[in-house]
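Worksheet: one structure, shown below.
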Amino acid sequence: MAKFLVSPPARRLTFSKGCCMRNLGDLLTATQVCQKWRGSILNDAQLWTTIEVTVQCARDVEALARVLGLSKKLPLHIRMEFERPSAASEEAALEQILGVSSRCAVLCLGIPHALYVGLVNRPAVFPILRRLLFLPIDSLSPEPS
């Protein structure tokens, strides 16, 4: 049986069920207790419907794709921010979100202004969207010397 592994940078993903926010790394650890736990956790789509992610690299985007898949067809609550990712990672992460736009109930994006402009000019359908929050951020300024 293949292991569901996420590299350390992707563990910034968190999920919640109800009001209790948990770390993705803790959830993945719980999947390794035994086969029954693993099956229960990986098959409970509700556990994977509230996602917070800080995208820094391609591994974060890969982890996001895995979690979105585990949420099956349930409505999603997504908060995504970018922290100095490559342009390819930014684009790939936005494509993941647009791919599930029909399931987004809450969407909060902390993205650079240029991505915001590009995003609002793309066709996407958000039929169940109840809350949309854009937090355009300027490109991060260089570290002080």
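Can you say whether Ala93 is among the small types (Gly, Ala, Ser) and within 30 Å of Trp37 (Cα to Cα), as far as the supplied structure shows?
Yes; evaluated as a whole, the condition is true for this residue.
Working carefully through the options Ser89, Ser71, find the one that is among the hydroxyl-bearing types (Ser, Thr, Tyr), at pLDDT 90 or above and surrounded by 14 or more Cβ atoms within 10 Å (Cβ to Cβ). Don't jump to the end; show me each part of the working.
Numbers: Ser89 fails: at pLDDT 90 or above.
After applying the criteria, what remains is Ser71.
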### Query
Which ones in segment 92-128 are loosely packed, with under 14 Cβ neighbours inside 10 Å and either of a type in the set (D, E, K, R) or modelled with pLDDT of 80 or more (or both)?
Glu95, Gly99, Arg122, Val125, Pro127, Ile128
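Find the helices (runs of 4 or more DSSP H) located wholly in segment 54-145 whose residues include 1 or more that are within 16 Å of the chain's Cα centre (by Cα), and list them.
58-70, 87-99
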### Query
Just wondering, is there one or more residues in segment 29-48 that are under 12 Å from the mean Cα position of the chain (by Cα), free of Cβ contacts under 8 Å to residues at least 40 places away in the same chain and over 18 Å from Phe134 (Cα atoms)?
yes
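The values are calculated or read from the model by the stated rules, or taken from the named source; none is laboratory data. Everything numeric in this text was worked out from a predicted model, so none of it was measured. Don't worry about glycine lacking a Cβ; one is built from the backbone with ideal geometry, like all the others, and counts go over all protein chains shown.
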